[in-house]
Amino acid sequence: MDTKWSALGTAAAYMRTDGLELRDYQSNIIRSALHRGNTLVVLPTGLGKTLIGAAVIADALSRGRKAAFLAPTRPLAEQHHATLSGLLRLSGDELLLLVGSVSKNKRAALEKSARVIVATPQTLSNDLKGALLSLDEFGCVVFDECHRAVGKYAYTYIANECSVRDVLVLGLTASPGSKKEKVNALIEALGIRHIEVRISSDPDVARYVMQKNLHIIDVELNDTIKRISLLIRPEAEAALRSLNRTGLLHFKNFDNIPKGRLLQAGGEISRISSDYKFAAMYSYVKLLNVSHAYDLLRSEGLHPFITYMESLQNREKKSRGVENLLASENIRRATDLAVEAVRLGEEHSKVFAVLDILNKYKGKGIIVFAQYRSTVKMLVDFITNSGFRARAFVGKKEGITQEMQKSTIQDFRDRKFDVLVASSIGEEGLDIPSVDAVIFYEPIPNEIRNIQRRGRTGRLREGEVYILSAIGTKDEVYMRVSRQKESKMASLIKSVNRSLESRAAADFSDKRQRTL
């Protein structure tokens, strides 16, 4: 047995430690959490956060307490249940997988006999609210993917119950966010007292991190997409000029408007009471839709653009702004050009860049991430028609069930196909095996999702990450934003942790003075 396990004392007896390595950083984080109380663990993907959670649970068991391990989706809860079955010395009845499909009466009996519950937060919070279960006997609750603990998400309710009953909280994440207010909200929601953060270059982590080689592929727009873009631009510019006259937006170029600012403008218009409200909303709806179509065309491709225009056409109820847009001669010509180009086998240059990359990895496991379902479908068609074995992996809309998702992942693990083309559902929450390379069809301006995507490769061996960026499009902006957010995240977390430690030191000093 690894001698570091002995530092856990009686808790080690509840772990299956034979042949199980306890790394220095894991040992340090475990001891810190047990000593300091509610802890947020920020650790790169694939470095054993579940083992840390299991050891903290083992400590609760050694003290005669129960424990819970929460995961945001049912498939991930099932994965953790299987992992904990191999890590903890518990019988089948003592380690309970609790999901919504189990009837209420049966859950109550199972929860009573279980010592460790693995569950989705919705299921556990419902049972707490319905008095089927109480945390009075619990020693700790582990929150996996804890960056979701914001707003009214079930994690926040459970964390509050932990606070009321003095139950240890352990939050696990690879990426809590880069905005101070968001990180502070997470700290507040979980009642965190200390943060244990490691980055890939930290001395006690670096030797366990597999190399991820990043390749940025700049892609030139083809002539067809440039021609269609020139037809669409005037429609967007006309709508923007109209909004500029109202004083609601102050941008000269519509493609310089941040997406968040554009969405914010819609809320501002809905709240005004002046005579020009309806005219402003008309121009806003037109700008919102045409700018989205423009970005889809230039960043995603012809097929996603056509699919979006068809979705506007098929709406049962259309606003005047949408009707005007669809009636535009420019928009009709743009759509017709796109349809004809697709018929002739044309597509975005990114598609052919993806095929070039795949040719380097024939027979190896690859994940291609794309933002939109229409893009996923287009890519699967092109990849399959080019001689590769590919399948789509998307969320629950359009009749996709969790069982179908699990079957797809199992087939991917068994190498019945080699290329998984995934929407955001593939970023976290499912037990997707590590792959040789990950391809981002487009950059995304979200540091959490970036880290989750990259974490799908380079777990057991060196991995490759490719990010495709269309020149002169929003891709370039999103690339820059994502880099800034990631570089900011690590320093922000350390700053927040220093504040927590200062607050803890001040609280200790106050308590000491009151006792003197």
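Each reported figure results from applying straightforward, stated rules to the coordinates on display, with no laboratory input. Small disclaimer: the values here were computed from a predicted structure and weren't measured. All Cβ positions, even for glycine, are placed from backbone atoms using ideal geometry, and neighbour counts span all protein chains on display.
If I fit a long axis through the Cα atoms of helix 154-164 and take the longest principal axis of the Cα atoms of the chain, what angle between them do I get, 0 to 90°, rounded to 10?
Once rounded, the angle reads 30 degrees.
How large is ³J(HN,Hα), in whole Hz, for each residue of region 88-94 in order, when computed from phi with the Karplus curve 6.51 cos²θ - 1.76 cosθ + 1.60 and θ = phi - 60°, using x for Gly and Pro?
Residue by residue, region 88-94 yields 9, 7, 9, 7, x, 6, 7 Hz.
May I ask you to list the trypsin sites (Lys or Arg not before Pro) in region 295-374 that are in a DSSP loop and have at most 12 other Cβ atoms within 10 Å of their Cβ?
Arg315, Lys317, Lys360, Lys362
What is the dipole size for region 223-343, taken about its Cα centre, with +1 at each Lys and Arg Cβ and -1 at each Asp and Glu Cβ, in debye to the nearest 20?
The calculated dipole for region 223-343 is roughly 280 debye.
Of the listed values [x] 48, 32, 21; [y] 33, 31, 24; [z] 45, 28, 22, identify the label whose number matches semi-axes √(5λ) of the Cα gyration tensor in Å calculated from this model.
[z]
What is the set of long-range amide H partners of Thr45 at a cut-off below 5 Å, with H atoms built 1.01 Å from backbone N?
Hits under the 5 Å cutoff: none.
In nm, to one decimal, how far is the Asn314 label point from the Arg498 one, both placed 7 Å along Cα→Cβ?
If labels sit at Asn314 and Arg498, their model points lie 5.5 nm apart.
With unit charges on the beta carbons (Lys and Arg positive, Asp and Glu negative) and the dipole taken about the Cα centre of the chain, which residue among His35, Tyr282, Ala109 sits farthest to the positive side?
Value: His35.
Stretched out fully, how many nm does the piece from Asp381 to His215 gain, at 0.36 nm a residue minus the Cα gap?
Here the answer is 57.3 nm.
Given a Förster radius of 22 Å and the C-beta distance between Asp18 and Gln410 as r, what FRET efficiency does 1/(1 + (r/R0)^6) yield to the nearest 0.05?
It comes to 0.15.
What does the charge dipole of the chain about its Cα centre add up to, to the nearest 20 debye, if the Cβ of each Lys and Arg holds +1 and the Cβ of each Asp and Glu holds -1?
Computed about the Cα centre, the dipole is about 880 debye.
Rounding to the nearest 10 and keeping the result within 0 to 90°, find how far the Cα-based axis of helix 24-36 lies from the longest principal axis of the chain.
70 degrees
Test of understanding: what is the full-extension gain from Ser113 to Ala82, defined as 0.36 nm times their sequence separation minus their Cα-Cα distance?
9.3 nm
222 nm [θ] for the chain, helices only, -39500 (n - 2.57) per DSSP H run of 4+, per residue, to 500?
Values: 19 runs with 263 residues, N = 516.
One gets -16500 deg cm²/dmol as the mean residue ellipticity at 222 nm.
Name the residues whose placed amide hydrogens come within less than 5 Å of the amide hydrogen of Leu248, ignoring near sequence neighbours (fewer than 5 apart) on the same chain.
Residues meeting the criterion, in which the H sits 1.01 Å from N, do not exist here.
Between helix 223-246 and the chain, what is the angle of the helix's C-alpha long axis to the longest principal axis, kept within 0 to 90° and rounded to the nearest 10?
80 degrees
Under a plain spin-label model, where a point goes 7 Å from the Cα along Cα-to-Cβ, how far apart in nm are Arg36 and Lys182?
With each label point 7 Å from Cα toward Cβ, the separation is 2.2 nm.
Just to confirm the filter: which trypsin sites (Lys or Arg not before Pro) across region 191-242 are DSSP coil and have at most 15 other Cβ within 10 angstrom of their Cβ?
Arg207
How about Lys277: which aspartates and glutamates have a C-alpha closer than 13 Å to its C-alpha, ignoring those fewer than 8 places off in the same chain?
Of all the aspartates and glutamates, those that pass the test against Lys277 - Cα under 13 Å, at least 8 places apart if same chain - are Glu268.
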